[in-house]
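Quick notes on the structure that follows.
The values are calculated or read from the model by the stated rules, or taken from the named source; none is laboratory data. None of the values given here were measured: they were computed from a predicted structure. Note: ideal-geometry Cβ built from the backbone for every residue, glycine included; neighbour counts use all protein chains shown.
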């Protein structure tokens, strides 16, 4: 029984490190492209551009939330997720969107 458990732990560790590596890569790529945008395009007013396209960004965020909801539903079908976790996810998304809408209105 010991080898099976150690193989399971090794697989879990490999998957966890893979996910952490992907998250770190995405963060570093975002920082890199942000640095390039700020350094080489200083005259571009991103705040003004985001204000002009604010409704498009609301739709993009809602689309991302639909994708996340679909993924959570798919995971829930195969392995039940606790109601507390789903409630926390819905509460977080709702709070985030309420704050964004208040920022857009104000």
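Computed values, structure above
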| item | result |
| --- | --- |
| Qualifying residue in segment 56-64 (condition: assigned to a loop (DSSP other than H, G, I, E, B) and over 14 Å from the mean Cα position of the chain (by Cα)) | no |
| Residue within segment 91-106 that is under 30 Å from residue 48 (Cβ atoms) and not in a helix (DSSP H, G or I) present | yes |
| Any hit, segment 31-45, residues being assigned by TED's automatic domain parsing to the domain that holds residue 104, assigned to a helix (DSSP H, G or I) and in contact with a helix residue (DSSP H, G or I) (Cβ under 8 Å, 6 or more places away or on another chain) | no |
| The listed residue being within 30 Å of residue 103 (Cα to Cα) and modelled with pLDDT of 85 or more, out of 31, 44, 20, 38 | 31 |
| Scan of segment 62-91 for residues that are closer than 30 Å to residue 37 by Cα and out of contact with any helix residue (DSSP H, G or I) (no Cβ under 7 Å at 6 or more places or on another chain), ordered by number | 62, 63, 64, 66, 67, 68 |
